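Engineer: Can you read through this structure? Questions will come right after.
Read-outs: derived from the displayed coordinates by stated rules, not from any lab. Small disclaimer: the values here were computed from a predicted structure and weren't measured. As a convention, Cβ positions derive from the backbone with ideal geometry for all residues, glycine included, and neighbour counts pool all protein chains shown.
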Amino acid sequence: MSKRGRAIKPQHGTSAAKGRSAAKGGGAPRPVALVTGAARRVGRAIALELARSGFDVVVHWRSSRADAEETAREVEALGAKSWLVRADLSVVAEIEGLFGVVAELVGRLDLLVNNASSFYATPLGSVTEEQWDELLASNLKAPFFCAQFAAPLLQASGRGQIVSLLDSAATRPFPRYLPYSAAKAGLLSLTHGLARALAPKVRVNAVAPGPVLLPEEYDAAQRAGAVDATLLQRAGTPEDVARTVAFLATGPDYLTGAVIPVDGGRSIA
């Protein structure tokens, strides 16, 4: 096995002891979820919703340490336990290190949420190799290697799950965001492939948000256009996405290889 990467061990929480997710009073242990990119935006909403749904949460971050610490505090305010772990998911050795830390300090993993993602415009004719590599790394390479290194822990759980965040761009590519769209198309294929490869012990599903937390660079016309493209004629919220992830994590256990659109009907408009 290759040398572990530079994943940073938890800096927040009441304890770092292995097996810390045991329920109060010595009952059945609480399930543990790892959410990549949990410091802000949709990732934070997912972490908090999972805490409300009975999970302890590993909060992954790369550069937003203060935001990640706030997510961890909010998770614990909901009565769940939290661990903070930093890793650069573009570096495979750091991904391996991340799951090594989880195995060492937490001792189990029941749910991996592949949320971390880069997204920005890359008009055709101006795309650089660096942009291509960054967008493919965060949206496809990282979810693959996270799944690969998480798989032994998820299989040992007896109820392991992976939920990845897709986008309607996976099937309807955005012309100004082609590398991002290609990466999300790959992640869609990866979701189906992992569902087959990890069955029957681990279920693998995805959520495909629509216009939720629109890019800051969007002007008023672009924002209106994104909303107009939905059947519900409104933007979604991070909580819409988070509740869907929690549904997959806690709901019917006969779902695998499924993709749930949370897009206000944009995918069929």
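Engineer: Among the numbered criteria (1) touching a Phe, Trp or Tyr at 6+ places or on another chain (Cβ under 9 Å); (2) of a type in the set (D, E, K, R); (3) surrounded by fewer than 18 Cβ atoms within 10 Å (Cβ to Cβ), which one does residue 167 miss?
Structural biologist: (3)
Engineer: Scan region 101-129 residue by residue and report those that are aliphatic (A, V, I, L, M) and surrounded by fewer than 19 Cβ atoms within 10 Å (Cβ to Cβ).
Structural biologist: Matches in region 101-129: 103, 121, 124, 127.
Engineer: Which members of region 251-268 meet the condition of being surrounded by 18 or more Cβ atoms within 10 Å (Cβ to Cβ) and of a type in the set (A, V, I, L, M)?
Structural biologist: 260, 262
Engineer: Tell me, please, whether a residue that is β-branched (Val, Ile, Thr), in contact with a strand residue (DSSP E or B) (Cβ under 9 Å, 6 or more places away or on another chain) and crowded, with 21+ Cβ neighbours inside 10 Å can be found in region 222-233.
Structural biologist: No.
Engineer: Given (1) surrounded by 20 or more Cβ atoms within 10 Å (Cβ to Cβ); (2) without any contact (Cβ under 8 Å) to a residue 12 or more places away in the chain; (3) of a type in the set (A, V, I, L, M), where does residue 28 come up short, assuming only one miss?
Structural biologist: Just one mismatch for residue 28, condition (1).
Engineer: Let me ask something else about it. Name the residue that is nearest to the chain's Cα centre (by Cα), counting only residues in region 34-80 that are closer than 12 Å to residue 116 by Cβ and part of a loop (DSSP other than H, G, I, E, B).
Structural biologist: 36
Engineer: Please go through region 86-108 and give me each residue that is within 19 Å of residue 156 (Cβ to Cβ) and either among the aliphatic types (A, V, I, L, M) or in contact with a Cys (Cβ under 9 Å, 6 or more places away or on another chain) (or both), ordered by number.
Structural biologist: Answer for region 86-108, where residues must be within 19 Å of residue 156 (Cβ to Cβ) and either among the aliphatic types (A, V, I, L, M) or in contact with a Cys (Cβ under 9 Å, 6 or more places away or on another chain) (or both): 95, 98, 99, 101, 102, 103, 105, 106.
Engineer: Looking at residue 138, is it part of a loop (DSSP other than H, G, I, E, B) and either of a type in the set (S, T, N, Q) or surrounded by 20 or more Cβ atoms within 10 Å (Cβ to Cβ) (or both)?
Structural biologist: For residue 138, the condition - part of a loop (DSSP other than H, G, I, E, B) and either of a type in the set (S, T, N, Q) or surrounded by 20 or more Cβ atoms within 10 Å (Cβ to Cβ) (or both) - is not met.
Engineer: Only one of these is touching a Ser or Thr at 6+ places or on another chain (Cβ under 9 Å), of a type in the set (A, V, I, L, M, F, W, C), assigned to a helix (DSSP H, G or I) and without any contact (Cβ under 8 Å) to a residue 40 or more places away in the chain: 226, 169, 197, 147. Name it.
Structural biologist: Of the residues listed, the single one that is touching a Ser or Thr at 6+ places or on another chain (Cβ under 9 Å), of a type in the set (A, V, I, L, M, F, W, C), assigned to a helix (DSSP H, G or I) and without any contact (Cβ under 8 Å) to a residue 40 or more places away in the chain is 169.
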